[in-house]
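Take a look at the structure below.
The values are calculated or read from the model by the stated rules, or taken from the named source; none is laboratory data. Quantities reported herein were computed from a predicted structural model and do not represent experimental measurements. Here the Cβ is made from the backbone with ideal geometry for all residues, glycine too, and neighbour counts use every protein chain on show. Accessible surface is based on the protein model in full, side chains and every heavy atom, while ligands, DNA and RNA are left aside. Shrake-Rupley method; radii C 1.70, N 1.55, O 1.52, S 1.80 Å.
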Amino acid sequence: MMMKINLTHPNPALISIIEDPEQIITLDANFLIAPDRRPITKRGIGFEQFREIWLDPIFSAFPNLAIHESVYDELVGISPQNYVDSKRDSVPPEIIIHKDSSLTEIERILRDTIESRIASHTKYEPLLDNKYDRGEVKSLSYIAVKGLLYFAANDNNAIQLIEKSEKWSTGLDNVQAIKMYELIYYLYRNNLADKTAMKMLYKYQYYLTDWEKSINPSWGDFSSSMDSLYESYFI
């Protein structure tokens, strides 16, 4: 599903991590896998380029990034797995792996309840434990039970599970979504990544097709609008 940029009001989650970037932020799989929008465009983004322009900067900017073990399982056999392995195995570790084995018995019961509520709005079926949407369902139910606040995603459905939690009764009322474009802006604004690369990544993800250009702002309008919303929070 196409991602629409929301510039109507500031995101409290982004404000919070601007003020304290050392909080735990749990990532969806799409934050770790290089986007490939072929055949819409002839250009793909290889993993090494993605690592250089995106992964290395976000891991430098945020010291407590995390993924759920089910997301790690989605990476088996592809380049991001080696990247996550290197982060996990470094001393001290540079990524947190959420493991269901760390849940208490009471937390597991609560997790199962929330998981079933979330799953009803996805293609994941807990009894079958199928792969589709598994990572986001497992991630969201885990962080909800553990009282963790932030889930970073570039997937409309995952974001709606959070933002419509009251309407859909997903049990995610205390979880907050952080969008990829918000972290692109964060890195750009703080000079934590190559600015030309951030502009390119934004355009590749959100401003590529004629339809996207009709619903999303150009890079210049995007960056100036984000400044209007968030500039006062940067020191």
Going by the conditions given, is ILE96 in contact (Cβ under 8 Å) with a residue 24 or more places away in the chain, open to solvent by 10 Å² or more (accessible area, probe 1.4 Å), farther than 25 Å from THR122 by Cβ and of a type in the set (A, V, I, L, M)?
no
Of everything in the stretch 52-70 that's β-branched (Val, Ile, Thr) and touching a Phe, Trp or Tyr at 6+ places or on another chain (Cβ under 9 Å), which residue is nearest to THR196 (Cα to Cα)?
ILE58
Keeping to the stretch 70-93, report how many residues are surrounded by 14 or more Cβ atoms within 10 Å (Cβ to Cβ) and among the polar types (S, T, N, Q).
3
Residues satisfying the stated conditions in the stretch 203-227, i.e. open to solvent by less than 40 Å² (accessible area, probe 1.4 Å) and closer than 20 Å to PRO21 by Cβ:
SER223, MET226
Sole miss for MET200 among (1) in a helix (DSSP H, G or I); (2) closer than 24 Å to HIS9 by Cα is condition (2)
Could you tell me whether THR113 is over 23 Å from ILE24 (Cα atoms), open to solvent by 30 Å² or more (accessible area, probe 1.4 Å), of a type in the set (Ser, Thr, Tyr) and out of contact with any Leu (no Cβ under 6 Å at 6 or more places or on another chain)?
yes
Name the pairs: first residue in the stretch 112-138 and among the small types (Gly, Ala, Ser), second residue not in a loop (DSSP other than H, G, I, E, B), Cβ to Cβ under 8 Å, at least 6 apart or on different chains?
ALA119/VAL137; GLY135/ALA29; GLY135/HIS68; GLY135/SER70; GLY135/VAL71; GLY135/ASP73; GLY135/GLU74
Checked the stretch 124-167 for anything within 22 Å of LEU103 (Cα to Cα), outside any helix (DSSP H, G or I) and open to solvent by less than 50 Å² (accessible area, probe 1.4 Å); matches are TYR124, ASN130, ASP133, LEU148, TYR150, PHE151, ALA152
Hey, can you tell me all the residues within the stretch 180-196 that are of a type in the set (D, E, K, R) and either under 19 Å from the mean Cα position of the chain (by Cα) or open to solvent by less than 70 Å² (accessible area, probe 1.4 Å) (or both)?
GLU182, ARG189
Please find, among ILE118, ILE58, ILE106, ILE67, the residue that is within 15 Å of ALA144 (Cα to Cα), open to solvent by less than 10 Å² (accessible area, probe 1.4 Å), aliphatic (A, V, I, L, M) and not in a strand (DSSP E or B).
ILE118
When THR41 is evaluated against the numbered criteria (1) more than 24 Å from ILE215 (Cα to Cα); (2) of a type outside the set (A, V, I, L, M, F, W, C); (3) surrounded by fewer than 20 Cβ atoms within 10 Å (Cβ to Cβ), which criterion, by number, is the only one it fails?
(1)
Within the stretch 11-34, which residues are touching a residue at least 60 places away in the same chain (Cβ under 8 Å), crowded, with 16+ Cβ neighbours inside 10 Å and in a loop (DSSP other than H, G, I, E, B)?
ASN11, ILE24, ASP28
